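In what follows, a single structure is set out as structure tokens and then discussed.
The values are calculated or read from the model by the stated rules, or taken from the named source; none is laboratory data. No experiment lies behind these values; they were computed from the predicted model shown. Virtual Cβ from ideal backbone geometry, glycine too; neighbours counted across all protein chains shown.
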Amino acid sequence: MEPYELTITEACEQMQEGNLSAMDLTRSCLARIAGVEKDVQAFITIDRDGALQQAEVADKKRKEGFAGRLCGIPLSLKDLLATKGLKTTCGSKILENYVPPYDATVVSKIRNEGAVILGKATMDEFAMGSTSETCAFKIPQNPWKKGYVAGGSSGGSAAGVASYECFASLGSDTGGSIRQPASLCGIVGMKPTYGRVSRYGLTAFASSLDQIGPLCRTVVDCALLMNIISGYDPMDSTSVKQVVPDYTSSLVDGLAGLRLGVPREYFTAGLDGDVEKIVRNSIEVLKERGAEVVEVTLPHTEYCVAVYYLIAPSEACSNLARYDGVHYGYRDMAAETLLEMYKGTRSKGFGSEVKRRILIGTYALSSGYYDAYYKKASQVRTLILNDFKSAFELCDVIISPVTPTPAWRMGENTDDPLSVYLSDILTLSANLAGVPGISVPGGFTQNGLPVGVQIQGRHFQEDQLLRVGFNLERGLQLGKRALDI
């Protein structure tokens, strides 16, 4: 077994016992990147020299007895998390050469624990997309099947973890952008409760929906990273002062007394047969481990896509107004007047999907249309939240598919944005309601593509999701399969 194939937990044990060093792990990952990155395309920026320097420092700290919980573990970061001295492009030409002067709070936290940052992961431009195909620089592909999408918007993060280029990654989830690529790439991905993890230093897409979370190969590793990145941050006005439990302590065998809710609206026409079979099998596995299964209803699910694609673009058009070529980022130098510079900078710097969403948001917020669109969407959002509150009176967690289908071919839906938007229908509601969700591998289709199982819970009860995910992982025992790279 190569060092890069270890989990975070296994790698930490090996280093603690003196069998491996941080330098060994980092060199192993860098060698793996050199071997497969041309096919996977998981990184926009690879900081080889910086990673080796960080590994050297990690080994020195371990010898001195000051090793953090991630000391020497090579990770990647979605390229919208600010990293001091390292490019943060958001997958956009408008920020192609932007180097932040500070670290995001989550970046500071993992640095303080000794993590080695290998580089910045490929993503949909400004996190707007479900396949990572809107990235201005590279398009990651699914490590399990060449020519298939890795998902989005955290596609590079998921592909990099699945292909063993890094041990884990931090991504962001605005409408499913951690859980969906985690499902399509066969790894674990968690969207924490809104406010659980600081968003300071995260480039905003939709500020009332965005949340940072981990993408890992196991639930145990996910719990470890959640321990590190969670907690109140005064630098983020949306951060919540809530006690953070030790998530690893929730990873116990058995689910006796736990009520598992199955939403009827998530198992309807349009759901792929293999996906339904895998999720239904996972439910049976959890029943065998002691869970009680009850049917619940989330009646406003059908409105999630419409609500999301009014609220998210409305917030995006406001957040992206700052990219005007004045203070930082790309500027159209050929423009002769200020107005021409604004127009040229934004029309050349932004890609088509970002411009589409800016137009949608501008229209929804415009005079005469605000009440009919944004205000109405916000009111329906409250109904969606109330659906979850009612469901959680009957159950402890909700289990469902993550996406209606497994991964599809790259380029298949490029000219049909609506079909891509609809692929998010099962993940959007968690963001609109602010509840936590996790995707855990459930199995593989007949075509060899991975399928994840989504578990959603009450606000700030990530420990329940991790407990269920841990038992599902234990019960399925999927084992290791060969990648298509």
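A few comments on the model shown:
- When the range 236-274 is filtered for residues that are outside any loop (DSSP other than H, G, I, E, B) and either farther than 25 Å from G434 by Cα or among the acidic types (D, E) (or both), the ones remaining, listed by number, are E265, G273, D274.
- The residues of the range 40-86 that are touching an Asp or Glu at 6+ places or on another chain (Cβ under 8 Å) and either within 16 Å of S108 (Cβ to Cβ) or assigned to a loop (DSSP other than H, G, I, E, B) (or both), listed by number, are A42, G68, R69, L70, C71, G72, A82, T83, K84, L86.
- Among residues of the range 354-383, those that are surrounded by fewer than 19 Cβ atoms within 10 Å (Cβ to Cβ), among the charged types (D, E, K, R) and within 21 Å of A127 (Cβ to Cβ), counted: 2
- In the range 108-134, residue farthest from L52 (Cα to Cα) [restricted to those that are among the aliphatic types (A, V, I, L, M) and buried (at least 24 other Cβ atoms within 10 Å of the Cβ)]: M128
- Hits in the range 1-22 (condition: over 23 Å from P181 (Cα atoms), in contact with an Asp or Glu (Cβ under 6 Å, 6 or more places away or on another chain) and not hydroxyl-bearing (S, T, Y)): P3, A22
- Candidate set: the range 256-299, residues that are touching a Gly at 6+ places or on another chain (Cβ under 7 Å) and among the charged types (D, E, K, R); chosen: the one surrounded by the fewest Cβ atoms within 10 Å (Cβ to Cβ): E288
- Residue selection: T297 satisfies the criterion of being in contact (Cβ under 8 Å) with a residue 12 or more places away in the chain and out of contact with any Cys (no Cβ under 9 Å at 6 or more places or on another chain).
- Look at the range 326-355: where a residue is under 13 Å from A136 (Cα atoms) and aromatic (F, W, Y) and a partner is at pLDDT 95 or above and outside any loop (DSSP other than H, G, I, E, B), sitting 6+ places away or on another chain with Cβ atoms under 7 Å, you get F350/I94.
- Single residue of the range 76-101 satisfying the filter (of a type in the set (V, I, T) and surrounded by 22 or more Cβ atoms within 10 Å (Cβ to Cβ)) that is farthest from C216 (Cα to Cα): I94
- Flag if D424 is within 19 Å of the chain's Cα centre (by Cα) and at pLDDT below 95: yes
- Any hit, the range 35-55, residues being closer than 24 Å to I228 by Cα, more than 24 Å from the chain's Cα centre (by Cα), in contact (Cβ under 8 Å) with a residue 24 or more places away in the chain and crowded, with 18+ Cβ neighbours inside 10 Å: yes
- Qualifying residue in the range 459-474 (condition: surrounded by fewer than 21 Cβ atoms within 10 Å (Cβ to Cβ), among the acidic types (D, E) and over 21 Å from the mean Cα position of the chain (by Cα)): no
- Among the conditions (1) touching a Pro at 6+ places or on another chain (Cβ under 8 Å); (2) farther than 19 Å from P263 by Cα, the only one that W408 does not satisfy is (1).
- Positions within the range 17-30 being without any contact (Cβ under 8 Å) to a residue 24 or more places away in the chain and either part of a helix (DSSP H, G or I) or under 25 Å from the mean Cα position of the chain (by Cα) (or both), in sequence order: D24
- Scope the range 22-50; condition of a type in the set (V, I, T), within 21 Å of I139 (Cα to Cα) and in contact with a strand residue (DSSP E or B) (Cβ under 8 Å, 6 or more places away or on another chain); matching residues: I33, V40, I44, T45, I46
- Selection within the range 335-347: residues that are part of a helix (DSSP H, G or I) and surrounded by fewer than 16 Cβ atoms within 10 Å (Cβ to Cβ). The member of this set that is nearest to the chain's Cα centre (by Cα) is S347.
- Of all residues making up the range 189-212, the number that are touching a strand residue (DSSP E or B) at 6+ places or on another chain (Cβ under 7 Å) and either among the polar types (S, T, N, Q) or surrounded by fewer than 22 Cβ atoms within 10 Å (Cβ to Cβ) (or both): 1
- Given (1) without any contact (Cβ under 8 Å) to a residue 60 or more places away in the chain; (2) within 17 Å of Q454 (Cα to Cα), index of the condition S237 fails: (2)
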